[in-house]
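Undergrad: Just dropping this structure here.
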Amino acid sequence: MSETSLPQRLTSFAAGGGCACKIPPGELEDAVSALTGRTHESVIVGLDHGDDAAAVRIENGTAVLATTDFFTPVVDNPYDWGRIAAANALSDIYAMGGSPVVALNLVAWPREKLPMELLSEVLAGGLSVADEANCPLIGGHSIDAPEPTYGLAVTGTAAPEHIMRNDAAAAGLPLTLTKPIGVGVLNNRHKATGAVFDQAIANMTTLNRQAAEKAVAAGIKAATDVTGFGLLGHLFKMMRASGVGAVLDSSAVPVLDDVRASMEAGFVPGGSRRNLDWVRSSLGDELVAEGISENEMILLADAQTSGGLLVVGEIPGYPVIGHTVAGSGIQIK
């Protein structure tokens with residue numbers, strides 16, 4: 001069974017797609033505000049700063065990392081969707097400087113609308129990426145639901161002293177980004193037209209394992225992965241948590257092919273616009289260099305699915321896109 005034999009394309013069964021279907025960041029922070037501020041002696045990293053995974057110390061001093069991530073179809077090919085969703089979920093463990101140990105499938109499936117053979121392809125895609133990560137993918141949970149949804153719950157481990165977190169950025173350090181941005185725009189065009197962008201799929205299915213290993217080896221203390229809140233959103237969260245500011249060089253940010261042309265053609269995700277609206281108050285007109293267009297700002301806030309790592313520090317082989325500064329706010333040049 002393939003997506004071509006369906007009466008409708010797989011992405012048509014979802015209102016959103018990929019990490020662009022996240023609840024807007026401002027609304028989410030309001031919803032979970034009552035859960036922050038809790039303490040427990042075993043918790044190393046909790047909910048307070050929106051880190052990528054929870055970190056808990058166990059008896060031998062090892063840190064156990066726990067995360068979950070799932071979303072509706074971002075592409076029409078079910079096998080690729082499974083691969084993308086698995087890489088995205090595993091990324092949370094890598095973003096914390098850890099290694100995945102075991103994962104579980106999370107599935108919601110409209111069984112009266114979509115054949116189970118299609119679900120088998122999604123699960124096979126997820127398994128292929130878990131195998132690449134050397135992470136056993138064992139069982140999980142499934143429900144019958146109106147929209148198809150897939151992802152993983154992942155448990156990993158890390159040495160506590162090597163954990164990378166949102167609140168550990170210091171001023172005067174470079175900012176490194178390990179994947180180009182723009183998949184939100186290309187996924188929006190794919191959903192609207194069916195056009196397939198192989199570069200975007202390759203970007204989303206590439207594990208962040210190598211980048212994370214290099215970051216840990218370089219002694220990086222602060223990092224996050226760039227997903228549904230976009231580069232600007234995740235940068236803002238990290239700088240806010242750390243009490244420092246940043247200068248972002250927009251010309252140094254790598255962008256996938258066809259992205260700017262797609263934006264000019266009108267393929268701009270609503271989630272990316274919402275991301276920009278959320279961070280705009282921290283930018284201010286005086287902090288955005290003259291000549292930077294609204295489309296360029298939206299691109300910097302583009303909702304990514306399985307994006308790269310945003311690292312406070314420099315790691316070999318990846319572009320430096322700015323630096324941290326004393327103070328607050330984000331300056332874009």
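The values are calculated or read from the model by the stated rules, or taken from the named source; none is laboratory data. These numbers were taken from a predicted model, which means no experiment stands behind them. Cβ sites come from the backbone with ideal geometry, for glycine too, and all protein chains shown count toward neighbours.
Undergrad: Is it fair to say VAL279 is of a type in the set (Val, Ile, Thr), assigned to a helix (DSSP H, G or I) and touching a Gly at 6+ places or on another chain (Cβ under 8 Å)?
TA: Answer is yes for this residue.
Undergrad: Scanning for something of a type in the set (A, V, I, L, M), in contact (Cβ under 8 Å) with a residue 40 or more places away in the chain and closer than 16 Å to HIS234 by Cα, does region 192-204 turn up at least one residue?
TA: No, region 192-204 contains no residue that is of a type in the set (A, V, I, L, M), in contact (Cβ under 8 Å) with a residue 40 or more places away in the chain and closer than 16 Å to HIS234 by Cα.
Undergrad: Residues of region 232-256 being out of contact with any Lys or Arg (no Cβ under 8 Å at 6 or more places or on another chain), farther than 15 Å from GLN304 by Cα and assigned to a loop (DSSP other than H, G, I, E, B), which ones?
TA: GLY243, VAL244
Undergrad: Condition (residue is more than 30 Å from VAL247 (Cα to Cα) and either surrounded by fewer than 15 Cβ atoms within 10 Å (Cβ to Cβ) or modelled with pLDDT under 95 (or both)) applied to region 149-163: is it met by at least one residue?
TA: Yes, because at least one residue in region 149-163 is more than 30 Å from VAL247 (Cα to Cα) and either surrounded by fewer than 15 Cβ atoms within 10 Å (Cβ to Cβ) or modelled with pLDDT under 95 (or both).
Undergrad: Follow-up question, since we're still on this one. Residues of region 56-113 being part of a strand (DSSP E or B), in contact with a Ser or Thr (Cβ under 7 Å, 6 or more places away or on another chain) and farther than 19 Å from ASP144 by Cα, which ones?
TA: Hits for region 56-113 are VAL56, ARG57, ALA63, VAL64, LEU65, ALA66, SER99, VAL101, VAL102.
Undergrad: Inspect all residues belonging to region 225-238 and state whether any of them is surrounded by fewer than 24 Cβ atoms within 10 Å (Cβ to Cβ), at pLDDT below 95 and touching a His at 6+ places or on another chain (Cβ under 9 Å).
TA: Within region 225-238, one or more residues are surrounded by fewer than 24 Cβ atoms within 10 Å (Cβ to Cβ), at pLDDT below 95 and touching a His at 6+ places or on another chain (Cβ under 9 Å).
Undergrad: On to the next question. Cβ-Cβ distance below 9 Å, separation of 6 or more or different chains: which pairs start in region 304-333 with a residue that is farther than 16 Å from ALA171 by Cβ and end on one that is aromatic (Phe, Trp, Tyr) and part of a strand (DSSP E or B)?
TA: These pairs meet every condition: THR305/PHE71.
Undergrad: OK, next. Are any residues in region 193-223 within 15 Å of VAL259 (Cα to Cα) and of a type in the set (Asp, Glu), and if so, which ones?
TA: Of everything in region 193-223, just one residue is within 15 Å of VAL259 (Cα to Cα) and of a type in the set (Asp, Glu), namely ASP198.
Undergrad: Consider only pairs whose beta carbons are under 6 Å apart and that are at least six residues apart or on different chains; among these, list those whose first residue lies in region 94-105 and is surrounded by 24 or more Cβ atoms within 10 Å (Cβ to Cβ) and whose second residue is aliphatic (A, V, I, L, M) and part of a helix (DSSP H, G or I).
TA: From residues that are surrounded by 24 or more Cβ atoms within 10 Å (Cβ to Cβ), the pairs are TYR94/ALA212; GLY97/VAL216; PRO100/LEU90; PRO100/ILE93; ALA103/ALA130.
Undergrad: Name the residues in region 290-315 that are among the aliphatic types (A, V, I, L, M) and either part of a helix (DSSP H, G or I) or surrounded by fewer than 20 Cβ atoms within 10 Å (Cβ to Cβ) (or both), would you?
TA: Result: ILE292, MET297, ILE298, LEU299, LEU300.
Undergrad: Sort through GLY243, GLY291 and tell me the only one that's of a type outside the set (A, V, I, L, M, F, W, C), out of contact with any strand residue (DSSP E or B) (no Cβ under 7 Å at 6 or more places or on another chain) and closer than 17 Å to ASN166 by Cβ. Full working, then the answer.
TA: Numbers: GLY291 fails: closer than 17 Å to ASN166 by Cβ.
Going through GLY243, GLY291 in turn, the sole match is GLY243.
Undergrad: Are any residues in region 84-100 over 14 Å from the mean Cα position of the chain (by Cα) and farther than 11 Å from ALA153 by Cα, and if so, which ones?
TA: GLY97, GLY98, SER99
Undergrad: When the residues of region 140-152 are filtered to those that are more than 18 Å from SER128 (Cβ to Cβ) and touching a residue at least 60 places away in the same chain (Cβ under 8 Å), which remaining residue is nearest to the chain's Cα centre (by Cα)?
TA: Among those residues, the one meeting the criterion is THR149.
Undergrad: Return the pairs, sorted by first residue and then second, in which the second residue is among the small types (Gly, Ala, Ser) and modelled with pLDDT under 65, the first residue lies in region 37-51 and is surrounded by fewer than 17 Cβ atoms within 10 Å (Cβ to Cβ), the beta carbons are less than 7 Å apart, and the residues are 6+ apart or on different chains.
TA: Close Cβ pairs satisfying both conditions: ARG38/GLY46; ASP48/GLY37.
Undergrad: Suppose the filter is assigned by TED's automatic domain parsing to the domain that holds THR205, in contact with a Gly (Cβ under 8 Å, 6 or more places away or on another chain) and either over 15 Å from ILE181 (Cα atoms) or touching a residue at least 24 places away in the same chain (Cβ under 8 Å) (or both); does LEU299 pass it?
TA: Answer is yes for this residue.
Undergrad: Could you tell me which residue of region 166-213 is surrounded by the fewest Cβ atoms within 10 Å (Cβ to Cβ), considering only residues that are more than 18 Å from ALA301 (Cβ to Cβ) and touching a Leu at 6+ places or on another chain (Cβ under 7 Å)?
TA: Only one residue fits best here, namely GLN199.
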